[in-house]
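Novice: Submitted below is the structure of interest, expressed as structure tokens.
The values are calculated or read from the model by the stated rules, or taken from the named source; none is laboratory data. On a predicted model such as this, the values are computed, not experimentally measured, just so you know. Virtual Cβ from ideal backbone geometry, glycine too; neighbours counted across all protein chains shown.
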Amino acid sequence: MESLSSDERAARVLELVRGLTTEVHPHVPRLTATLDSPFDDLGIGSLELAELLTRVQDTFGAALPAHVLSSAETPRDLVRAVVHNGAPVVENIGIVAPPGTSPVIRSGHEDGRLVNPSRRSGCVDAQIPTLDMGQMIT
């Protein structure tokens, strides 16, 4: 999608915004969405914005930083995020632990129980089946 002009990107984002507002508020007269319309005025709350971000990422094939969810206030902010921060999406090649989570290691139990290494008591955290890492995850 890098070949799109800035006007085309803006039009695509507005198309996504208008589509979402129509889906979320089908009985409300169609609101006029512009690049500078605050999401609050369009009836787009945090959950709808999360959905909108997913649609923007899918449309433009870009991975946007997490802070965009809390900082974007208008469609123009999303266009800027796509232009300036959108990194190309790469294929998912495995399991990655989210940032800020403590690693969980195998306790050595044959039944597949896992132990959180930050606990010195060795308490079992979960009953999770063993995953064969040679299998492809889809």
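Novice: Of all residues in the range 62-80 being within 23 Å of residue 8 (Cβ to Cβ) and aliphatic (A, V, I, L, M), which is surrounded by the most Cβ atoms within 10 Å (Cβ to Cβ)? Before the answer, list the steps.
Specialist: Step one: filter the range 62-80 for residues within 23 Å of residue 8 (Cβ to Cβ), giving 62-65, 68, 72-80.
Okay, now just the ones that are also aliphatic (A, V, I, L, M), so 62-64, 68, 72, 78-79.
Values: 62: 18, 63: 13, 64: 20, 68: 19, 72: 21, 78: 30, 79: 22.
Out of the qualifying residues, it is 78.
Novice: Tell me, please, whether a residue that is more than 13 Å from the chain's Cα centre (by Cα) and of a type in the set (A, V, I, L, M) can be found in the range 41-60.
Specialist: Yes: the range 41-60 contains one or more residues that are more than 13 Å from the chain's Cα centre (by Cα) and of a type in the set (A, V, I, L, M).
Novice: Of the residues 54, 21, which single one is free of Cβ contacts under 8 Å to residues at least 12 places away in the same chain, of a type in the set (Ser, Thr, Tyr) and not in a loop (DSSP other than H, G, I, E, B)?
Specialist: Details: 21 fails: free of Cβ contacts under 8 Å to residues at least 12 places away in the same chain.
Only one candidate qualifies: 54.
Novice: Just to check your reading of the model, which residue among 64, 47, 4, 42 is in contact with a Ser or Thr (Cβ under 6 Å, 6 or more places away or on another chain) and modelled with pLDDT under 95?
Specialist: Values: 64 fails: in contact with a Ser or Thr (Cβ under 6 Å, 6 or more places away or on another chain); 47 fails: in contact with a Ser or Thr (Cβ under 6 Å, 6 or more places away or on another chain); 4 fails: in contact with a Ser or Thr (Cβ under 6 Å, 6 or more places away or on another chain).
Being in contact with a Ser or Thr (Cβ under 6 Å, 6 or more places away or on another chain) and modelled with pLDDT under 95 holds for just one of 64, 47, 4, 42, which is 42.
Novice: Do you know which residues across the range 22-55 are hydroxyl-bearing (Ser, Thr, Tyr) and closer than 24 Å to residue 65 by Cβ? Steps first, answer last, please.
Specialist: Residues of the range 22-55 that are hydroxyl-bearing (Ser, Thr, Tyr), as a first pass: 22, 32, 34, 37, 46, 54.
Across the range 22-55, the qualifying residues are 37, 46, 54.
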